[in-house]
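Engineer: The structure is given below, and queries will be raised subsequently.
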Amino acid sequence: MTQSPSAGLDKDSIIKKALVELRETKARLSALEHAQTEPIAVIGMSCRFPGGANSPESYWQLLRNGTDAISPVPSDRWDRDRYYDPDPQSPGKMSTREGGFLAEVDQFDPQFFEISPRETLTLDPQQRLLLEVAWEALEHANLPASRLFKSLTGVFIGISTSDYKERHLVALEDPMQTAYLGTGNTLSTASGRLSYVLGLTGPNLAVDTACSSSLVALHLACQSLRQKECHLALVGGVNLVLSPVTNIIFSKAGMLAKDGRCKTFDAAADGYGRGEGCGVVVLKRLSDAQRDGDVILGLIRSTAVNQDGPSGGLTVPNGPSQEAVIRQALSNGGVDPKIVHYIEAHGTGTSLGDPIELAALGAVFQDSHSATDPLIVGSAKTNFGHLEAAAGVAGLIKVILSLHHEEIPPHLHLQNPNPHVDWE
C-alpha cells in the first residue's frame, strides 16, 4: 500500500504553515519582551531649586560651583527666632533656623493658565509651581502645549505635604475658606490640575511615598509608557515649607540638623536640612523619541520599587531591602554593575541612614569595583537640603546634567568620613 503524492504535499504544507506560525509567534514574543524592557527617553526638563537654580542651566552652575544654598528661614514663612530653641524637646519649638528655600513663591500669573484671581488666593503655591515648571519642561522638549490637547499624555507627581492649607485652616473664620480651598490644596488635585489645564487624557497620579515620592512616580510612569497606557509622560515632584509645624515635629523626632545642612557621609552628620523645590521631566519611549527626532537628554533603562518591611523601627532603613532593590533595578535593565561608576545617593545626612545606605551599595558593587576603579557616590542634598517629595527628581536631573557635561560636581560638607562606614 503506497501514499498518494497529494497526501505528502498536504503534510509538507501543514509543516510549512506551522513553521511560519512559530516564527510569527517568536517575533511577537520578542516584540512584547522588548516593549516591556524598552529604555525610556528623557526629552525635556525644568526645575526650581534653592540658590536661584530656576532652570537646568542655573542648576548645573550651582552644582558645579559647589554652592551651599542653605539660608535662614525667610520672614514670609515664619518668625524664625520665635520658634527656635536649641533644645529640640522644647514645646512648640524647633532646633534649626535654616533650610533650603525658594524665593518669590507667592508670585504667579493665574491668567496665563486661565485661573481666576479668586481661585488663586487659595491655590497651593505647590500647584502653581507645578504648572509653571511643567510648562517650561514641555518648552524644553520643543512640545507646544497646544499639540498635547486631548493627547494620551500621563501625569505622575510626587507630593506629600500641604502647608498652605494648614495656614488657612488655623483661622477658622478666614474669609478665604471657600470651596476653592479644597480643590486648591488636595494632593490629588496637584496632578489633576496639570491634566485639566493642558487637556491631557492619560493616567494621572499624585504619589506620596515620602522621600521617594518623585522616584516612585517615575517608576509608575515608565511602566505606564511601556504598557502603552500613555505615549508621553510628565513626571515630577514638588515641596514647599510654608508652615513651622512639620519642622517642630521633626525636631522632636531628632531628624533635623541644627545648622539646616545635610552633612552626608560625614562624621558630623546630625540629621537633614529641609529644602524646597520642584522638578519636572518629560518622558517618551525610546523608539518614539527616535522616530520623532527628539533631543534625547538621557535614558532610563530600568526602575525598581520595594519596601523596608520589618526593620529596627517604622522609620529605620532596612539594609537588605535597599540591597535587594538595587540588584533588582540592575537586573531589570540588564545592567552589569561594572559599568556603573557614579551613584546619586539618597544621602540624607543622618548618622543611622548613611551607613546603612553605603553598606547596601557596597554589598552590590564591591566585587565589580576596586581602589583603582572606585564607585563614586554623591548627593545634591549637600547643596540645598532634602527636598523630600521632590528629592528624587532633583537627583535625576543632576545625573542627566552630569552626563551631558561629562563631569561629576562637588559633594559638600565632607570633612571627616563617617567612621561607621567601611570605605574600602
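Just so you know, all these numbers are worked out from the coordinates, no wet-lab data involved. The shown structure was predicted, so the numbers you read here are calculated from the model rather than taken from an experiment. Note: ideal-geometry Cβ built from the backbone for every residue, glycine included; neighbour counts use all protein chains shown.
Engineer: Which residue fluctuates most in the GNM of the chain (Cα springs below 10 Å): SER188, SER321, SER116?
Structural biologist: SER116
Engineer: Output wanted: per-residue J couplings in Hz (rounded whole) for the stretch 376-386, from phi through Karplus 6.51 cos²θ - 1.76 cosθ + 1.60, θ = phi - 60°, x for Gly and Pro.
Structural biologist: In residue order, the calculated couplings are 8, 10, x, 7, 5, 4, 5, 7, 9, x, 8 Hz.
Engineer: Could the peptides 89-102, 390-403 be put in order, highest first, of the mean number of other beta-carbon atoms found within 10 Å of their residues? Don't skip to the end; give the middle numbers.
Structural biologist: Details: 89-102: 19.6, 390-403: 24.0.
Descending mean neighbour count gives 390-403, 89-102.
Engineer: Further, regarding this structure: Roughly speaking, what is the stretch gain from ARG64 to GLU407, that is 0.36 nm per residue apart minus the C-alpha to C-alpha distance, in nm to one decimal? Please list the in-between numbers first.
Structural biologist: Working: separation 343, 0.36 × 343 = 123.48 nm, distance 0.85 nm.
Working it through step by step, the gained length comes to 122.6 nm.
Engineer: Of ASP12, ASP354, ASP308, which has the largest mean-square fluctuation in a 10 Å C-alpha GNM of the chain?
Structural biologist: ASP12
Engineer: Would you mind counting up the charge near SER75? Only other residues with Cβ under 14 Å from its Cβ, with Lys and Arg at +1 and Asp and Glu at -1. Could you put the intermediate results ahead of the total?
Structural biologist: On the way: positive: ARG77, ARG80, ARG82, ARG97; negative: ASP76, ASP79, ASP81, GLU98, GLU104, ASP106.
Surrounding charge for SER75 is -2.
Engineer: Defining a contact as two alpha carbons under 8 Å apart and six or more residues distant in sequence, what relative contact order in percent does the chain show?
Structural biologist: 23 percent
Engineer: To continue, here is another question. Sorted by average packing, counted as other Cβ atoms within 10 angstrom per residue and highest first, what order do 48-57, 265-274, 411-420, 367-376 take?
Structural biologist: Details: 48-57: 20.9, 265-274: 22.4, 411-420: 15.6, 367-376: 10.8.
So the order, starting with the most tightly packed, is 265-274, 48-57, 411-420, 367-376.
Engineer: Still on this structure, I have one more. From the square roots a ≥ b ≥ c of the eigenvalues of the alpha-carbon gyration tensor of the stretch 234-334, which class results: rounded (a/c under 1.5), prolate (a/b over b/c), or oblate? Could the numbers behind the result be given before it?
Structural biologist: On the way: a/c = 2.67, a/b = 1.55, b/c = 1.72.
Taking the square roots of the gyration eigenvalues as a ≥ b ≥ c, the stretch 234-334 is oblate.
Engineer: Quick check: net charge around GLY333, other residues with Cβ under 13 Å of its Cβ, Lys/Arg +1 and Asp/Glu -1?
Structural biologist: +1
Engineer: Between ASP270 and residues 5 or more places away or on another chain, which pairs have amide H atoms under 5 Å apart, with H built 1.01 Å from N, and which residues are they?
Structural biologist: LYS263
Engineer: Taking the Cβ of ARG285 as the centre, find all other residues whose Cβ is under 13 Å away and add up their charges (Lys, Arg: +1; Asp, Glu: -1).
Structural biologist: Values: positive: ARG226, LYS228, LYS284, ARG291, ARG301; negative: GLU38, GLU229, ASP288, ASP292, ASP294.
Taking every other residue near ARG285 into account, the sum is 0.
Engineer: Taking 20 Å as the cut-off for C-alpha to C-alpha distance, list the pairs among LYS228/LYS284; LYS338/LYS381; LYS263/LYS398; LYS26/LYS284; LYS228/LYS338; LYS258/LYS381 that go past it. Could you put the intermediate results ahead of the total?
Structural biologist: Numbers: LYS228/LYS284 10 Å; LYS338/LYS381 26 Å; LYS263/LYS398 18 Å; LYS26/LYS284 26 Å; LYS228/LYS338 32 Å; LYS258/LYS381 15 Å.
As for pairs spanning more than 20 Å Cα to Cα, those are LYS338/LYS381; LYS26/LYS284; LYS228/LYS338.
Engineer: Using a Gaussian network model of the chain with C-alpha springs under 10 Å, which one of ALA41, ALA257, ALA324 is most mobile by mean-square fluctuation?
Structural biologist: The residue with the greatest mean-square fluctuation here is ALA324.
Engineer: Shifting gears a bit: Excluding same-chain residues fewer than 8 positions from LYS252, which lysines have a Cα within less than 18 Å of its Cα?
Structural biologist: LYS93
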